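Below is one structure; the comments refer to it alone.
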Amino acid sequence: MLPWIDALLLALPDRVHTDAATLAGHATDKWFASCEPEAVVLATTAAEVSTAMKIAHEHNVPVTTRGGGVGYVGGCVPIKGGLVLALAGMNHILEISPEDGVAIVQPGVITGDLQDAVKKLGWYYPPDPASLKECTLGGNVATNAGGPRCLKYGVTRPYVLGLEVVLANGDILRTGGRCHKNRQGFDLTGIFVGSEGMLGIITEITLRLIPHPPTRALLGATFRTFPEAALAVQKVLGAGHLPSALEISDKFTLQAARDYLGEERTPHGDAHLFVETDGHPESVSAEAKKLTALLRGAGAIAIKTATTEQEVEALWSLRREFSYSLRATGLIKLNEDVVVPRSKLVELVQFAEALQAESGFAIACFGHAGDGNIHVNIMVPDMEDPAQRSGAEQALDKLFRHVLSLGGVISGEHGIGLAKKRWFPEAIDATGRAAHLALKSALDPKGLLNPGKFLD
């Protein structure tokens, strides 16, 4: 047994696991990379995380933090082995305060569970990743996760008021608090949001809540072509509407959904938009009528309208199944959450169609059209085949370079992790990379936290 594992077993005898099943279960996420750690700590308190980090720091052990393990970029893969700190067991909602408009949670709380809990009190936590029934809030904070409703309400960062963070040396840092405004010093809270576990380990989160919208309506509009649906997005926003969500899907995605979910649940066109509006009943009803007329004028060949909560959720369930439908094809889904300025959306989808023809790989596009964040999924039969893997990487090269040429970014919500590591130097200039490294060096001088990712 390694000396640092012996030290962990002595300090945390009930939390340390080295059995084969546990190591294998903490070796990967939804990307295809896999690497087993030497040990796993199933933490339940910040004190346990702190103890584990002090031992890791003393023995120079690489540490990878893990939440739900449902990321798409290999962010929680322990590529350097060492220790995995698993926080899924820290899954308690510690407080919901309608008076202060905050919720205080541990990092292992499932996003959908918090949404359900605050909704019962008339409050709302808007960020809603498609994996909300299995992703954790700690993982959401670490990746600055988004979701369909970020168009109107924003991504995770604006809702994080304060954090408890275990630093690389085991010290516990508290940032922010339960006040909705805070200008005391640097924005230390913001530094950790989106840091992908490379600056510290989040052990408690104070989240901003807002009043829950009284009602909502959801329109499902079918179009003949994907570029036509993309152009309709511009028309909706250009007409002065700000939907709570504006989602697009292409022909391949829709066909995969038909095969996986059945013909009766899936629209029959080759492109589709979800347009959701929320607020007070009178305004929602009026806006839904205006949006229906606008979408028909933009070329929609069929529109389904959901107005009750049950109808809306039934229609949304289709959107949340898209990723699962694509995985059910048996193809390996390289899910690239690229973002372009909204004015370049049509150009992006046209490029994706051309790349499909050029590469020979099916490409499925869907996602958050309202904020230019499209999930471009390159569908590869076999990533173990050297020729296919090389072809996929060439296609990714072309995709990312085109996105950057449009003034876009290579990740909107999944992070960089392992999957996009080799493109990070093209996405961030030398001065930006130096700033990242300086911050990393200041908070983690030994480079122990989530090593092997995009800063290595």
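Since every read-out is calculated from the coordinates, none of them should be taken as a lab result. Everything quoted here is computed from the prediction, not taken from an experiment. Ideal geometry is used to build each Cβ from the backbone, glycine not excepted, and the neighbour counts take in all protein chains shown.
At a Förster distance of 56 Å, what's the computed FRET efficiency of residue 354 paired with residue 283, Cβ-Cβ distance as r, to 0.05? Mind showing how you got there, number by number?
Numbers: r = 41 Å, r/R0 = 0.73.
In this case the efficiency is close to 0.85.
If you find the alpha carbon centre of segment 1-47 and of segment 405-441, how far apart are they in angstrom?
If we compute the Cα centre of each part, the gap is 29 Å.
Treating only the Cβ of Lys, Arg, Asp and Glu as charged (+1, +1, -1, -1), what charge dipole size does the chain show about its Cα centre? Round to the nearest 20 debye.
Working: 42 positive and 51 negative charges, 202 e Å.
Using Cβ point charges on Lys, Arg, Asp and Glu, the chain gives about 980 debye.
Can you list the equivalent-ellipsoid semi-axes of segment 56-99, largest first and in whole Å, using the square root of 5 times each Cα gyration tensor eigenvalue? Write out the running numbers ahead of the final one.
Working: eigenvalues 153, 47, 12 Å².
The three semi-axes for segment 56-99 are 28, 15, 8 Å.
Mind listing which chymotrypsin sites (Phe, Trp or Tyr not before Pro) in segment 175-239 are in a DSSP loop and have 16 or fewer other Cβ atoms within 10 Å? If you can, show how the numbers build up before the last one.
Working: sites: 186, 192, 223; in loops: 186.
In loop regions of segment 175-239 (DSSP not H, G, I, E or B), the sparsely surrounded chymotrypsin sites (Phe, Trp or Tyr not before Pro) are 186.
Looking at segment 3-86 only, what percent of DSSP beta bridges run antiparallel? Nearest 5 please. Walk me through the numbers before you get to the answer.
Values: 3 of 11 bridges.
In segment 3-86, approximately 25 percent of DSSP beta bridges are antiparallel ones.
In the structure displayed, which of 80/440; 251/344; 80/398; 133/235; 30/304; 133/398 lie more than 22 Å apart, Cα to Cα?
Values: 80/440 17 Å; 251/344 20 Å; 80/398 29 Å; 133/235 33 Å; 30/304 33 Å; 133/398 33 Å.
Flagged as over cut-off: 80/398; 133/235; 30/304; 133/398.
I want to check the label-to-label distance for residue 435 and residue 59. Put each point 7 Å from Cα in the C-beta direction and report it in nm to one decimal.
Taking the two extended label points, one gets 3.8 nm.
Grab the beta carbon distance between residue 446 and residue 241, set R0 = 56 Å, and tell me the FRET efficiency rounded to 0.05. List each step's numbers first, then the result.
Working: r = 51 Å, r/R0 = 0.91.
According to the calculation, E is roughly 0.65.
Binning at 5 Å from 0, report for segment 330-427 what percent of all alpha-carbon pair distances ends up in each bin.
3, 14, 26, 27, 20, 8, 2, 0
Compute the relative contact order of segment 215-323 as a whole-number percentage, counting only Cα pairs closer than 8 Å that sit 6 or more residues apart in sequence. Each step should come with its number before you reach the end.
Details: 178 pairs, mean separation 51.4, N = 109.
The normalised contact order for segment 215-323 reaches 47 percent.
Computed over the Cα atoms of segment 268-334, what is the convex hull's projected area averaged over all directions, in nm²?
Working: hull surface 23.6 nm².
Computed as one quarter of the Cα hull surface, the answer is 5.9 nm².
Please report the orientation-averaged projected area of segment 42-174, defined via the convex hull of its C-alpha atoms, in nm².
Values: hull surface 32.8 nm².
Result: a mean projected hull area of 8.2 nm².
How large is ³J(HN,Hα) for each residue in segment 273-285, as worked out from phi by the Karplus curve 6.51 cos²θ - 1.76 cosθ + 1.60 (θ = phi - 60°), to whole Hz, x for Gly and Pro?
Result, rounded to whole Hz: 10, 9, 10, 10, 10, 9, x, 6, x, 5, 6, 5, 4.
Loop only by DSSP, 13 or fewer other Cβ within 10 Å of the Cβ. Give me the GluC sites (Glu not before Pro) in segment 349-397 that pass, ordered by residue number. It would help to have the intermediate numbers written out before the result.
Values: sites: 353, 358, 384, 393; in loops: 384.
Sites meeting the loop and neighbour criteria: 384.
Test of understanding: ordering 323, 283 by Cβ neighbours within 10 Å, fewest first, what list do you get? Don't jump to the answer; show the numbers that get you there.
Details: 323 21, 283 13.
In increasing order of surrounding Cβ atoms, one gets 283, 323.
Could you tell me how far the Cα centroid of segment 225-247 sits from the Cα centroid of segment 97-140, in Å?
The distance from the Cα centre of segment 97-140 to that of segment 225-247 comes to 28 Å.
Among DSSP beta bridges lying fully in the chain, give the percent that are antiparallel, nearest 5.
Values: 62 of 71 bridges.
Percentage antiparallel, nearest 5: 85.
Please state the charge dipole magnitude for segment 241-295, taken about the Cα centre, from unit charges on C-beta atoms (+1 on K and R, -1 on D and E), reported in debye and rounded to the nearest 20.
Values: 5 positive and 10 negative charges, 25 e Å.
In debye, rounded to 20, segment 241-295 gives about 120.
At q = 0.18, 0.19 Å⁻¹, what log₁₀ I(q)/I(0) does segment 215-323 have when each alpha carbon counts as one equal point scatterer in the Debye sum?
For segment 215-323, the Cα-only Debye profile gives -0.83, -0.92.
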